[in-house]
Amino acid sequence: MPLLRSTVVMSSLEEPAFVRRISLSLPVMALLTGAGLRTYRAIVLQYGWSDRWLWVGGTFIVGMAFLFLMATLHLGNHPARSWVWRAPLFAFIESVTEIAVSLGLTLAGLERIGSLTATLEDWEGAAARILFVRMIGIPLFALVLAFVSTIVRLALLPRKPVNP
């Protein structure tokens, strides 16, 4: 047995799983989120309209959960310091994608406002509202997420003793 053993070097690195590779990419996650969220909204309004508040509230909560889950899946791959620019950029790309899908649905006559078909005049107001809400909501959510993750990390990770 030799005195100095050679170090073990990995001959091949494992590729991250497909979902992980997607979640690392800000543009891909934001595009999937925007397109998925607007498509979900269109399906709910087209085929599942109900006059019950439980249905309306439930579909709204599912949509917001999807939005924040996708943002969390992306942001969780990066240090919290980079969230300062990642969260607003994610919000911008997501909202622009959602607005573009909404425009396509409006031009195709599939976008709804309540029980009525949306027009281009309706789309302009909805686009401004989407942009405003997402640019405020997602960075605010990222701020709360950073605070909670820091508190949890401090509570769960063992502390190293300070040497005098």
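The values are calculated or read from the model by the stated rules, or taken from the named source; none is laboratory data. Keep in mind that this is a model prediction, so the values were computed, not measured. Neighbour counts run over all protein chains shown; Cβ positions are idealised from the backbone, glycine included.
Structure summary
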read-out	value
In the stretch 66-114, the residues that are surrounded by fewer than 17 Cβ atoms within 10 Å (Cβ to Cβ), over 9 Å from the mean Cα position of the chain (by Cα) and under 18 Å from LEU145 (Cα atoms)	GLY76, ASN77, HIS78, PRO79, ARG81, SER82, VAL84, TRP85, PRO88, LEU89
Complete set of residues in the stretch 106-152 that are out of contact with any Phe, Trp or Tyr (no Cβ under 9 Å at 6 or more places or on another chain) and within 20 Å of LEU75 (Cα to Cα)	VAL133, ILE136, LEU140, VAL144, PHE147, VAL148, SER149, THR150, ILE151, VAL152
Test: residue in the stretch 133-151 that is in contact (Cβ under 8 Å) with a residue 24 or more places away in the chain, in contact with a strand residue (DSSP E or B) (Cβ under 9 Å, 6 or more places away or on another chain) and under 18 Å from GLY34 (Cβ atoms)	no
Meets criteria (within 22 Å of ARG41 (Cα to Cα), in a helix (DSSP H, G or I) and of a type in the set (A, V, I, L, M, F, W, C)) for LEU140	no
Subset of the stretch 103-144 [closer than 24 Å to SER50 by Cβ and basic (Lys, Arg)]	ARG112, ARG129
Matching option when the condition is part of a helix (DSSP H, G or I), under 25 Å from VAL152 (Cα atoms) and at pLDDT 95 or above, among ALA65, ALA100	ALA65
Residue in the stretch 34-62 that is modelled with the highest pLDDT, counting only those that are exposed (fewer than 13 other Cβ atoms within 10 Å of the Cβ) and in contact with a Phe, Trp or Tyr (Cβ under 8 Å, 6 or more places away or on another chain)	VAL62
Residues within the stretch 103-124 that are closer than 20 Å to MET64 by Cα and modelled with pLDDT of 90 or more, tallied	0
Hits in the stretch 20-36 - residues which are over 12 Å from PHE90 (Cβ atoms) and without any contact (Cβ under 8 Å) to a residue 60 or more places away in the chain	ARG20, ARG21, ILE22, LEU24, GLY36
First in the stretch 51-68 and among the aliphatic types (A, V, I, L, M), second anywhere and not in a helix (DSSP H, G or I), Cβ under 8 Å, 6 or more apart	VAL56/SER50
